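Asks: Mind having a look at this structure? Questions to follow.
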Amino acid sequence: MSFRFTQLLTDGSAPCTFNIMVESESLTLDTVFHALGDATRRQMLRDLEGGARTVGELAAPHPISLAAASKHVRTLEKAGLLRREVQWRTHTCHLNAEALIEAHAWLDRYRTYWTGRLDVLEDLLRQDDENGDTSGKG
């Protein structure tokens, strides 16, 4: 959502228009969904479910360089989905699933809609079965 207002300048020159963006949950959600939008990063998170891993261990199953893996880790870290611990040259990553709570809550708002739609579909399929219609065309 953005708000627009016009302000007259004190020197009497032409008015300027400013757009003020109202930042809410969207920044955090955008960052989390961006991080989850890549299959390599999703797999890295699944790997972290089993416990802490080094960046090299997270990179190993993928055909990517260590530098590319580090970029993926930084994206996950920025989204709050993992925590990185650095000891000398070893970077150990830990899953931080709490960052998914807000994303889950956002998705959960739509559960009622989809559940209702699926219930309607189930009822239609049952009616077809009761009527002996196996073509799926009603």
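The values are calculated or read from the model by the stated rules, or taken from the named source; none is laboratory data. Keep in mind it's a predicted model, so treat the numbers as computed, not measured. A quick note on method: Cβ atoms are made from the backbone with ideal geometry, for glycine too, and the neighbour counts reach across all protein chains shown.
Asks: Looking at segment 81-97, I want the residues that are loosely packed, with under 10 Cβ neighbours inside 10 Å and have a partner that is at pLDDT 95 or above with Cβ atoms under 9 Å, at least 6 apart or on another chain. Which pairs are those?
Replies: VAL86/THR92
Asks: Here's another thing I want to ask about it. Examine segment 108-122 for a residue that is at pLDDT 90 or above, surrounded by 10 or more Cβ atoms within 10 Å (Cβ to Cβ) and farther than 16 Å from GLY56 by Cα, and state whether such a residue exists.
Replies: No - not one qualifying residue is present in segment 108-122.
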